[in-house]
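Okay, structure first, notes after.
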Amino acid sequence: RSVQTRPWIADQWLGDYLLFQGYQAGGFPILYLSGTILFTLYFFGLLFHALRCDGSSIFAASLAAALAFKASQIHCILRPVLLGIGLFLLTTIWLRTLVRDSQYVSSQLCRCITGTALFFLWANIHPSFPLGLVLLAIFVGHRLLEGAETLADRAHKLRSDLLLFFCCLGATCFNPYGISLHTSILTLGQSDYFMHLHEEWLPLTLSHPEGCFFLCLIVLGIIGITLAMIKDGTKSQVFLLTACLLFSLLTLRSVRILPYASILLSFPSARGLSL
């Protein structure tokens, strides 16, 4: 019987190259040390700082970052996915900043350059970049729903946000394979064999330690979002509520999504801990 084949695509070529350069510089000891430091800095450096900028206390930001770190630690592995998690964190912080900047103080050009650079790098480092595009789409929906502008103002805002989205989407096509990279990722995602090949694609087990930390983030996140909705209104929390809900549901289907959901949940969790 003939077997259907698909062209092989190095969908994380730049991530592989960076790890190879690290290995060339100092072997596995340097790689493991660098990966551990980088993963720790994600949560207790970047994420902690972002939570503090979001208005959380030092205690709340520290505990929320620690919970996200412990839940995500299952994916502290020496693979390009480690770099993909960092790029998701940067994208989340960037979009959270734009959400707070409701008047869009930064220029359209600055936003497009930032987004293009992030997604160009991400598409060449690791194939998790579609998760960032999903997050960006949620942001566009949030921007459309917030505020009470006239129809003309909404149309202008939508054009501006769609331009940002398509700039980021277009940036992901600048890779050695072009649109074939996206087709390859979609094909793998639809493959039952691939989705059951590794345990990381299987559903999250809530009784495991990482599942318990995830549940803590869920409970604190519900409290935090509820408080924020009471204080600032429902529309102000559309981005965070939608993103947290979607990625939490995806995590229940696949433990691979746990680090991304944990990063998002840390924001409302820190708010809930700030009581």
Review point. With 215, 246, 258 as the choices, which residue is of a type in the set (A, V, I, L, M) and more than 14 Å from the chain's Cα centre (by Cα)?
Key: 215
Practice item. Residue by residue through region 202-226, note down the ones that are crowded, with 16+ Cβ neighbours inside 10 Å and not β-branched (Val, Ile, Thr). Key: 204, 210, 211, 213, 214, 216, 217, 220, 221, 224
**Study point:** Test result for residue 14, within 14 Å of residue 260 (Cβ to Cβ) and of a type outside the set (Val, Ile, Thr)
**Key:** no
Exercise for review: Six or more apart or on different chains, Cβ under 7 Å: which pairs go from a residue in region 243-254 that's farther than 15 Å from residue 213 by Cα and hydroxyl-bearing (Ser, Thr, Tyr) to one that's assigned to a helix (DSSP H, G or I) and open to solvent by 10 Å² or more (accessible area, probe 1.4 Å)? Could you list them?
Suggested key: 254/201
Exercise for review: Of the conditions (1) open to solvent by 20 Å² or more (accessible area, probe 1.4 Å); (2) touching a residue at least 60 places away in the same chain (Cβ under 8 Å); (3) not hydroxyl-bearing (Ser, Thr, Tyr), residue 231 clears all except one; give me its number.
Suggested key: (2)
**Study point:** region 131-161, residues that are at pLDDT 95 or above and either out of contact with any Leu (no Cβ under 8 Å at 6 or more places or on another chain) or over 30 Å from residue 86 (Cβ atoms) (or both)
**Key:** 131, 137
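Take residue 207 and decide whether it is in contact (Cβ under 8 Å) with a residue 12 or more places away in the chain and of a type outside the set (Phe, Trp, Tyr). Show your work before the answer.
Details: in contact (Cβ under 8 Å) with a residue 12 or more places away in the chain: no; of a type outside the set (Phe, Trp, Tyr): yes.
No: the conditions fail for residue 207.
Report yes if some residue within region 44-51 is in a helix (DSSP H, G or I), over 19 Å from the mean Cα position of the chain (by Cα) and loosely packed, with under 14 Cβ neighbours inside 10 Å; otherwise report no.
Restricting attention to region 44-51, the residues satisfying the condition of being in a helix (DSSP H, G or I) are 44-51.
Those left that are additionally over 19 Å from the mean Cα position of the chain (by Cα): none.
No, there is no match, as no residue in region 44-51 is in a helix (DSSP H, G or I), over 19 Å from the mean Cα position of the chain (by Cα) and loosely packed, with under 14 Cβ neighbours inside 10 Å.
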Study note, to complete from the structure: Restricting attention to region 135-174, the residues that are open to solvent by 60 Å² or more (accessible area, probe 1.4 Å) and in contact (Cβ under 8 Å) with a residue 24 or more places away in the chain number exactly 3
Review point. Which of the following residues is modelled with pLDDT of 95 or more and closer than 27 Å to residue 77 by Cα: 205, 183, 187, 172?
Key: 172
Point to revise | Subset of region 226-242 [closer than 22 Å to residue 134 by Cβ and not in a helix (DSSP H, G or I)] | key: 234
Study note, to complete from the structure: Given (1) closer than 28 Å to residue 172 by Cβ; (2) touching a residue at least 12 places away in the same chain (Cβ under 8 Å); (3) surrounded by fewer than 18 Cβ atoms within 10 Å (Cβ to Cβ), residue 19 misses just (3)
Revision key, fill the gap. Screening 78, 14 for residues that are in a helix (DSSP H, G or I), closer than 30 Å to residue 176 by Cα and touching a residue at least 24 places away in the same chain (Cβ under 8 Å) leaves only 14
Practice item. Scan region 84-97 and give yes if some residue there is in a loop (DSSP other than H, G, I, E, B), touching a residue at least 60 places away in the same chain (Cβ under 8 Å) and at negative phi, otherwise no. Key: no
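Would you check which residues across region 69-87 are open to solvent by less than 60 Å² (accessible area, probe 1.4 Å) and either basic (Lys, Arg) or over 15 Å from residue 134 (Cα atoms) (or both) and list them? Write out each step before concluding.
In the first step, residues of region 69-87 are kept if they are open to solvent by less than 60 Å² (accessible area, probe 1.4 Å); the result is 69, 71-72, 75-78, 80-87.
Passing the criteria: 69, 71, 72, 75, 76, 77, 78, 80, 81, 82, 83, 86.
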Practice item. Read through the list (1) out of contact with any Cys (no Cβ under 7 Å at 6 or more places or on another chain); (2) in contact (Cβ under 8 Å) with a residue 12 or more places away in the chain; (3) surrounded by 13 or more Cβ atoms within 10 Å (Cβ to Cβ), then give the number of the only condition that residue 183 fails. Key: (2)
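Are any of the residues in region 88-96 basic (Lys, Arg), over 24 Å from residue 49 (Cβ atoms) and open to solvent by 10 Å² or more (accessible area, probe 1.4 Å)?
No, region 88-96 contains no residue that is basic (Lys, Arg), over 24 Å from residue 49 (Cβ atoms) and open to solvent by 10 Å² or more (accessible area, probe 1.4 Å).
The values are calculated or read from the model by the stated rules, or taken from the named source; none is laboratory data. It should be emphasised that the depicted structure is a prediction, and the values quoted were computed from it without experimental measurement. Here Cβ is always computed from backbone atoms with ideal geometry, including for glycine, and neighbour counts include all displayed protein chains. The area values use the complete protein model at the heavy-atom level, side chains included, leaving out ligands, DNA and RNA. Shrake-Rupley method; radii C 1.70, N 1.55, O 1.52, S 1.80 Å.
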